[in-house]
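Heads up, the thing below is written out as structure tokens.
The values are calculated or read from the model by the stated rules, or taken from the named source; none is laboratory data. Quantities reported herein were computed from a predicted structural model and do not represent experimental measurements. Neighbour counts run over all protein chains shown; Cβ positions are idealised from the backbone, glycine included.
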């Protein structure tokens, strides 16, 4: 892939946080196509979340360049939606009003929010219906299960129709059944809209089930050690997670991360 054809492009990127002499990540170079679903895995503390901050413009690189949609990233991006491990829904707002929040604060929607609120609410309700939350629009967060809250969080990340969705351990706090249910919801949302996705996860099964490409990061300072294309056919259902091909890919990634963990700290 050429740099010009990439939707997200990292070139020799490094980041050292203020007050720290060492780098959190360094020598990061990779390209992501428009509409590609990418997962980033690696041992704890390897810089996966730092990568997300760089991709969204929340942190500027100390070295190198980050380009998204053909423009160099110099600050927070408006074309990005984000969801985290904690749903972070505002407790005093209903499900619908939580989902609408980005449209109240992100331009160009903010300028017309009061005028177009009914139209935006219809959009939010349609999203909520897609993830199985129709009928819960007027519920407060405490009235929702953890899985329901995370569904609402994903709707909030998508309501302003971003070109890129960034997910930082979004299902890590959920039970296995709910987690797999949400994998399928995310799979279907992505298949319908084909936004670019960057998923940070510790769950190798999650990465292999959802992603087109998986990147493995080293221990701090985080570097990209391996790139694995997931050649399992789409559409994928949960049955594929019991196949030999799926297990082989997961095992291979686990071995790579295990080897990283076994390396001497000063390697």
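Residues checked against (1) at pLDDT 90 or above; (2) buried (at least 21 other Cβ atoms within 10 Å of the Cβ); (3) assigned to a loop (DSSP other than H, G, I, E, B):
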| site | (1), (2), (3) |
| --- | --- |
| 22 | no, no, yes |
| 27 | yes, no, no |
| 35 | yes, no, yes |
| 39 | yes, yes, no |
| 101 | yes, no, no |
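Results for (1) on the phi > 0 side of the Ramachandran plot; (2) touching a residue at least 12 places away in the same chain (Cβ under 8 Å), shown as yes or no for each residue.
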site	(1), (2)
140	no, yes
169	yes, yes
178	no, yes
209	no, yes
216	no, yes
221	no, yes
233	no, no
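Every test in (1) on the phi > 0 side of the Ramachandran plot; (2) surrounded by fewer than 16 Cβ atoms within 10 Å (Cβ to Cβ) is passed by residue 47 save one, and that test is (2).
The residues listed here are 252, 266; of these, the one that is modelled with pLDDT of 85 or more and either exposed (fewer than 13 other Cβ atoms within 10 Å of the Cβ) or farther than 18 Å from residue 28 by Cβ (or both) is 252. In the set (1) within 20 Å of residue 129 (Cα to Cα); (2) buried (at least 20 other Cβ atoms within 10 Å of the Cβ); (3) more than 13 Å from the chain's Cα centre (by Cα), the condition left unmet by residue 161 is number (2).
To keep it simple, each residue is scored yes or no on (1) modelled with pLDDT under 95; (2) over 28 Å from residue 203 (Cβ atoms).
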| site | (1), (2) |
| --- | --- |
| 80 | yes, no |
| 84 | yes, no |
| 90 | no, no |
| 95 | no, no |
| 107 | yes, yes |
| 110 | yes, yes |
| 130 | yes, no |
| 151 | yes, no |
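Of all residues in the stretch 190-204, at least one satisfies being at pLDDT below 95, surrounded by fewer than 19 Cβ atoms within 10 Å (Cβ to Cβ) and closer than 24 Å to residue 95 by Cα. Screening 226, 245, 259 for residues that are assigned to a helix (DSSP H, G or I) and under 30 Å from residue 16 (Cβ atoms) leaves exactly one candidate, 259.
From the list 58, 90, exactly one residue is on the phi < 0 side of the Ramachandran plot, free of Cβ contacts under 8 Å to residues at least 40 places away in the same chain, surrounded by fewer than 18 Cβ atoms within 10 Å (Cβ to Cβ) and assigned to a loop (DSSP other than H, G, I, E, B). Which is it?
Result of the check over 58, 90: 58.
Residue 53 meets each of the listed conditions (1) under 15 Å from residue 10 (Cα atoms); (2) without any contact (Cβ under 8 Å) to a residue 40 or more places away in the chain; (3) over 20 Å from the mean Cα position of the chain (by Cα) apart from (3).
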